[in-house]
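This report concerns only the one structure given below.
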Amino acid sequence: MSERTGIITFKGNPMTLLGPELKVGDKAPDFLVVDNSLTPVSLTSSAGKIRVISAVPSLDTPVCDTETRRFNQEAATLPDSVVVLTVSLDLPFAQKRWCGAAGIDRVTTLSDYRERSFGNAYGVLIKELLLLSRVIFVIDAKDTIRYIQFVPEVTSEPDYGAVMNAVKGLL
């Protein structure tokens, strides 16, 4: 497994990412995660749609909470041809509880806890923490990566405007 450094920090400390370095224009790798009812979900589960995939360390942290709530609001402004997915290593039961408490109804939360399939395929698993880094991928309806935003400091929020501009450019 490849290791990459110099991309992100966590509370100012350099971290190592495991997995490949994906680039805009690459075919999006498939993955296998589970939804809140333990049903397997892959990239092909949303075939033909534009996907916004937000990888986060844990929904039970303030920045991940804020980010997912914000993407839930943004998703309400998008057509049905766009799905917003948040992937973390939180257990599906915790994700379900969090979504209920936060009123999340437009973002689908997915857990990568079983195999770290998403984290390894997308190169966003943090070696030192065994959590996912904060990264946003926008994937078009033909499974091509059209936008990637690595948030350099994991404890910071992403640039929501840039993500939404990337999505709107595909509509």
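Computed from the coordinates by the stated procedures, all read-outs in this text should not be read as laboratory data. Bear in mind the structure is a predicted one, so any value in this text is a computation, not a measurement. Heads up, the Cβs are rebuilt from the backbone with ideal geometry, glycines too, and the neighbour counts pull from every protein chain shown.
Data table
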{"item": "Estimated [θ] at 222 nm from DSSP helical runs (n ≥ 4, -39500 (n - 2.57)) normalised by residues in the chain, nearest 500", "result": "-7000 deg cm²/dmol"}
{"item": "Charge dipole magnitude, Cβ of K and R +1, D and E -1 - the chain, Cα centre, debye nearest 20", "result": "160 debye"}
{"item": "The range 114-171: GluC sites (Glu not before Pro) in DSSP loop, at most 13 other beta carbons within 10 Å", "result": "Glu115, Glu128"}
{"item": "GNM result for the chain, Cα springs below 10 Å: residue of Asp159, Asp140, Asp112 fluctuating most strongly", "result": "Asp159"}
{"item": "Relative contact order (%) - criterion: Cα under 8 Å, at least six apart; region: the range 29-171", "result": "30 percent"}
{"item": "Label of the coordinate-derived value, Cα extents along the principal axes in Å, listed as [x] 53, 32, 26; [y] 46, 35, 25; [z] 38, 36, 29", "result": "[z]"}
{"item": "Positive-pole candidate from Pro57, Phe137, Ile104, dipole of the chain, charges at beta carbon", "result": "Phe137"}
{"item": "Violating pairs (Cα-Cα greater than 28 angstrom) within the set Lys23/Lys49; Lys11/Lys142; Lys49/Lys96; Lys49/Lys127", "result": "Lys11/Lys142; Lys49/Lys127"}
{"item": "Among beta bridges that DSSP assigns inside the chain, antiparallel share in %, nearest 5", "result": "65 percent"}
{"item": "Magnitude of the charge dipole, the range 1-93, Cβ model with Lys/Arg +1 and Asp/Glu -1, debye to 20", "result": "200 debye"}
{"item": "Full-stretch length increase - Ser156, Arg69 - with 0.36 nm per residue and alpha-carbon distance subtracted", "result": "29.8 nm"}
{"item": "Burial ordering of Cys99, Cys64, fewest other beta-carbon atoms within 10 Å first", "result": "Cys99, Cys64"}
{"item": "Within the range 107-169: Cβ-based charge dipole about Cα centre, in debye rounded to nearest 20 (Lys, Arg +1; Asp, Glu -1)", "result": "160 debye"}
{"item": "Separation between Cα centres of the range 9-31 and the range 33-108, rounded to whole Å", "result": "19 Å"}
